[in-house]
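Input: a single structure, listed below in structure tokens.
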Amino acid sequence: MHAIQTLDLTKRYGSRPAKSVLAVDRISFAVEQGQVFGFLGPNGSGKTTTIGMLVGTIKPTDGSFKLFGASGPKGLFGARARVGATLETPNFYPYMSGRDNLRVAAAVKGVGQPRIGECLDLVGLSNRAKHRFKTYSLGMKQRLALAATMLNDPELIVLDEPANGLDPQGIREIREIIHILADRGKTIFLSSHLLAEVERTCSHVAIIRKGRIVTWGAVADVVGEGSAVLLRADDTEALADSMEAYPDATSVRRTDDGLVATLDSGDLASVTRYLAGNGIYLSHLAPYRPSLEEVFIDVTQGAVDSMTEIVS
Amino acid sequence: MKILRVLLRIEWLKAVRRRAFWVAVAAFTAFTSLPVIERVRGAHSNPNAVFALPESWPVVLGTAGIGPLFIAALMILLVAQEFSWRTARQNVIDGLSKERFYAGKVMLLAGLVLLFTSAPVLIGVGGTMLSPGEGGPGFIRASDFGYISGLVLGMLLFGSAGLMLSVHLRSSGASLGILFLYLFVEEGVAMLMLGTGRESLRNVAEFLPFNVVEDLGDDLVHYPDVLAEVNAERAEAGLAPLEFLDVEMLAVAALAYTAFFLGLSLLNMRRRDL
């Protein structure tokens, strides 16, 4: 069953065509229950707007979405009881203690007081629970936000930049908590800039650029495992020129190790034959697995405008 | 009913943890207590100067006329910050609908009005218990009850205006600025302009919000005998007598403004993204 399913979801800010901004443009993707789903995109690409529509703080202009198969105002209101979410920075009452902030969230979620202690323990904030929120470090604020999302033991946890501004130790703590939640079978929808973290944590990703989904699917499929090759030759310039003209190559870029080409097919014999025909003899040819960061840079800065859907 | 209890608990927790709330309550209580303390002290030194309810209600309620301003400012401080801290958004993410969040704020307004009405009543009762001498029969007369009701309507009107500004502007500074600019400058200018116009325009000026609240909190409106005394003094001084204002019309105007401001707030909450 899908925890999240969007269909042509669209958000336009402003009603006058000349001044309006299309923040999210007909995006469609699905998150299966139990997946740890990374939602990636540069600043201003529409990530937070998309999440805002899912959690009910932003009204979609067009399109639709379902949470746990439910749609429509009543259905979504009920389904959101199975969701825990934070948007952008942790949003709490600065003059209240961490525990009192969780008391407010618990009352809203209809959760009993004992659960507050359990969640504070899980994020390691029990000893600072009585201190005011405004005295917390950023890492503690993020952990309190995680505790708040977990109060109602949600099936779907939506986290928007949970590691924002954290030091390596803080990032590691957040990652560990996410792993614990994933191990408990929670569906996690994670928006982040920390691509190495996402690659390490997520099973599936979607990359959004200028309000449109550029690619989505299993991480292994998105990074193009098996379809990219690393090539080296004595004359790198000639190799690059030839590969850019090669019809089967969808992208070609230079790296410190050589030339990385993404191929439509995995026919390496044709590549060697083609290059030899151009008078280029390879010193190295091997499958190449790009990092998620490389794919991200490629699809968000490159000329890829059409949607490439990789369904796992 | 359960959701109302939940909303009440949430709003109570948010308010009582806020220093501004206690500062406002303390300042209002102190301000309302001052004339009562003065009268009680006077009653101890002068046997003819009795402080006792129900005769002393005008003394107790006179300074409580500032209550609507306190309510408006407190509503702005307690509601507008929810938008700048983005806790309104988090409340909705956590499971409150926008309508329930709004309902919580209306309950906050009702709670503040109840608190700011109870304070002078308790001060009056306390003053009577501490003062020597006795008052007339009964605890409250119809005119006293009308006076208290007028104050309640004034608090509701200003409180709902504070709520509307908070929801619309989402900034406590801007909301307070506009509120006080309107109350102390803009309405005065509007009254001057309308006052020089036709009869119908002068009637409109009488029912501008601040004027309605002022009139509802004026003892001359609620006590015809006091008005008669004042008019007798004015006649001796060669001044025209003051008219006895239609309290029912003022009450209807106050309720209409309150409903309008609350309706506008709800519409705004529903339509705008958080």
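A few remarks follow.
- Within 10 Å of the Cβ of each residue in B:93-102, the mean number of Cβ atoms contributed by other protein chains is 6.
- Under a Gaussian network description of chain A, with springs only between Cα atoms under 10 Å, the residue in A:Thr272, A:Thr187, A:Thr262 that fluctuates furthest is A:Thr272.
- The alpha carbons of the protein assembly as shown stretch over 120, 58, 38 Å along the principal axes, in descending order.
- In this rough spin-label picture, where each label sits 7 Å from Cα along the Cβ direction, the B:Leu130-A:Lys134 distance is 3.4 nm.
- Within a straight-line Cα-Cα reach of under 19 Å, A:Lys210 can be paired with the following aspartates and glutamates, leaving aside sequence neighbours fewer than 8 residues apart in one chain: A:Asp8, A:Asp25, A:Asp62, A:Glu88, A:Asp160, A:Glu161, A:Glu293, A:Glu294, A:Asp298, A:Asp305, A:Glu309.
- Extreme residue, positive dipole direction of the range A:1-110, given options A:Val108, A:Ala23, A:Met53 (C-beta unit charges): A:Val108
- Judged by the mean number of other Cβ atoms found within 10 Å, the most tightly packed of the peptides B:141-152, B:24-35 leads the ranking B:141-152, B:24-35.
- For the options A:Gly170, A:Gly34, A:Gly266, a Gaussian network treatment of chain A with springs between C-alpha atoms closer than 10 Å singles out A:Gly266 as fluctuating the most.
- Net lengthening on full extension, B:Lys2/B:Glu248 (0.36 nm per residue, minus Cα-Cα): 85.0 nm
- Annotation: peptides B:190-200, B:113-123, B:74-84, ranked by per-residue average of other Cβ atoms within 10 Å with the highest first, follow the order B:74-84, B:113-123, B:190-200.
- Partner shielding of B:82-90 amounts to 5, given as the average count of beta-carbon atoms from other chains within 10 Å of each residue beta-carbon.
- Residue ranking by accessible heavy-atom surface, 1.4 Å probe, largest first, among B:Phe244, B:Phe51 comes out as B:Phe244, B:Phe51.
- Calculated on alpha-carbon atoms, Rg and Dmax of the range B:166-234 in Å: 16.1, 50
- Cα gyration tensor category, rounded, prolate or oblate, for the range B:91-240 with a/c compared to 1.5: oblate
- Centre-to-centre separation between the Cα atoms of the range B:102-138 and those of the range B:4-49: 9 Å.
- Projecting the Cα atoms of B:Trp57, B:Ser149, B:Pro241 onto the charge dipole of chain B, computed from C-beta unit charges around the Cα centre, puts B:Ser149 farthest toward the positive end.
- Between the residues B:Gly133, B:Leu77, B:Ser97, the greatest Cα displacement towards the positive end of the dipole of the range B:34-174, with unit charges on the Cβ of Lys, Arg, Asp and Glu, is found for B:Ser97.
- Rh by Kirkwood over Cα pairs, then Stokes-Einstein D for chain B at 1.567 mPa s and 4 °C, µm²/s: 64 µm²/s
- Taken along its three principal axes, the alpha carbon spread of the range A:25-160 comes to 45, 32, 26 Å, from the longest extent down to the shortest.
- Extending 7 Å from Cα along the Cβ direction at B:Leu192 and again at A:Arg16 yields two label points whose distance is 3.4 nm.
- Neighbourhood charge, 11 Å Cβ-Cβ cut-off, centred on A:Gln169 and excluding it, Lys, Arg +1 and Asp, Glu -1: -1
- Descending by average beta-carbon neighbour count within 10 Å, the peptides A:244-250, A:20-26 line up as A:20-26, A:244-250, the highest first.
- Projecting the alpha carbon convex hull of the range B:1-79 along each direction and taking the average yields 7.1 nm².
- Computed from the Cβ-Cβ distance with R0 of 41 Å, the FRET efficiency linking A:Asp121 to A:Ala218 stands at 0.75.
- As a calculated quantity, the FRET efficiency between A:Lys59 and A:Asp234 at R0 = 56 Å, using C-beta atoms, amounts to about 0.40.
- Chain B, relative contact order in percent, only Cα pairs under 8 angstrom and at least six apart counted: 25 percent
- Mean-position separation - Cα centroids, the range A:264-291 and the range B:204-274, in angstrom: 87 Å
- For B:Trp22, the accessible surface of its heavy atoms amounts to roughly 130 Å² (probe 1.4 Å, protein chains only, rounded to the nearest 10).
- Taking every residue in A:87-96 and counting other chain Cβ atoms within 10 Å of its Cβ, the average works out to 5.
The values are calculated or read from the model by the stated rules, or taken from the named source; none is laboratory data. Given the structure is predicted, the values throughout are model-derived calculations rather than measurements. Quick reminder, even Gly has a Cβ in these numbers, built from the backbone with ideal geometry, and neighbours come from all protein chains shown. All accessible areas refer to the heavy atoms of the entire protein, side chains included, with ligands and DNA or RNA removed. Shrake-Rupley method; radii C 1.70, N 1.55, O 1.52, S 1.80 Å.
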